[in-house]
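Notes follow the structure.
The values are calculated or read from the model by the stated rules, or taken from the named source; none is laboratory data. Computed from a prediction, not measured in an experiment: that's the story for all the values here. Positions of Cβ are backbone-derived with ideal geometry, glycine not excepted, and every protein chain shown enters the neighbour counts.
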Amino acid sequence: MKKKLIVVFCCAAWLQLFSTNAVAQPSVYSGAFTFGAGDLSTQAKQQTVTNFVSDAQKDVSIINFFISWATGSSTNATTSFPTTGMDYIRSHGSIPLFTWEPWNTGLGTTQSFTLANITNGIYDSYITTWAVAAKNWGHPFFLRLAHEMNGNWYPWCAGVNGNTSGQYVQMWRYGR
């Protein structure tokens, strides 16, 4: 009986290899970040991804892009959920890897976007509004919050603005 079951399973596995219903999955998921793409909100920025795919002669599974919480001279978190960029990535057949940066890129590291301010609830309204918009968008994506905390070039880095690595862990736990 055992030999018959083994033969049946082997035949089924062999047939599966030739089945037209089997969906091929990539063995390696490739990703891209193209300089100049920013938030992918315009055709010109989106063209950087199209150019990359054309040059590489390979589609990408994951597309990374960055958005800071504030722009201009603002120290308040005002940047909205990037629906346009996220839709573009999905229409490209890729998964968004969204790097969400709690700072204003034009103001350097001395800003109010400290880890203590984030975990003390200063930005709760902004985070909640953004999270609701992400939920309403309704598609999967990777969120990369406050990356590279091990340096000194962002306001959330340990050693900058009084931040500690323990506060970074607290911020991540707070944000989920």
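Kindly establish whether Pro102 is closer than 17 Å to Thr71 by Cβ and touching a residue at least 24 places away in the same chain (Cβ under 8 Å). Before the answer, list the steps.
On the way: closer than 17 Å to Thr71 by Cβ: yes; touching a residue at least 24 places away in the same chain (Cβ under 8 Å): yes.
Judged against the criteria, Pro102 is a match.
Out of segment 132-151, which residues are part of a loop (DSSP other than H, G, I, E, B) and either in contact (Cβ under 8 Å) with a residue 24 or more places away in the chain or charged (D, E, K, R) (or both)? Walk me through how you get there before you give the answer.
Filtering segment 132-151 down to residues part of a loop (DSSP other than H, G, I, E, B) leaves 138-141, 146-151.
If the condition is that a residue be part of a loop (DSSP other than H, G, I, E, B) and either in contact (Cβ under 8 Å) with a residue 24 or more places away in the chain or charged (D, E, K, R) (or both), then His139, Pro140, Phe141, Ala146, His147, Glu148 are the ones that fit.
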Total residues in segment 40-99, condition in a loop (DSSP other than H, G, I, E, B) and closer than 30 Å to Asn117 by Cβ: 14
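Of the residues Trp156, Trp172, which single one is closer than 14 Å to Glu101 by Cα and not in a helix (DSSP H, G or I)? Please lay out each step first, then the result.
Working: Trp172 fails: not in a helix (DSSP H, G or I).
The unique qualifying residue is Trp156.
Working carefully through the options Thr109, Thr129, find the one that is touching a Phe, Trp or Tyr at 6+ places or on another chain (Cβ under 9 Å), part of a helix (DSSP H, G or I), of a type in the set (S, T, N, Q) and closer than 23 Å to Asn64 by Cα. Give the derivation first.
On the way: Thr109 fails: part of a helix (DSSP H, G or I).
It is Thr129.
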Selected residue (only one of Ser74, Ser91 is within 28 Å of Gly31 (Cα to Cα) and among the hydroxyl-bearing types (Ser, Thr, Tyr)): Ser91
Breaking point among (1) modelled with pLDDT of 80 or more; (2) under 30 Å from Ile127 (Cα atoms); (3) among the hydrophobic types (A, V, I, L, M, F, W, C), for Ala37: (1)
Search result, residues across segment 91-104 that are closer than 10 Å to Ser61 by Cα and either of a type in the set (D, E, K, R) or touching a Pro at 6+ places or on another chain (Cβ under 9 Å) (or both): Ile95, Pro96
Count - residues of segment 77-101 that are surrounded by fewer than 19 Cβ atoms within 10 Å (Cβ to Cβ), closer than 24 Å to Gly121 by Cβ and of a type in the set (Asp, Glu): 0
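Of all residues in segment 106-128, which are of a type in the set (Ser, Thr, Tyr) and surrounded by fewer than 14 Cβ atoms within 10 Å (Cβ to Cβ)? Before you say what the answer is, go through the steps one by one.
As a first pass, look at segment 106-128 and keep what is of a type in the set (Ser, Thr, Tyr): 109-110, 112, 114, 119, 123, 125-126, 128.
Answer for segment 106-128, where residues must be of a type in the set (Ser, Thr, Tyr) and surrounded by fewer than 14 Cβ atoms within 10 Å (Cβ to Cβ): Thr110, Ser125, Thr128.
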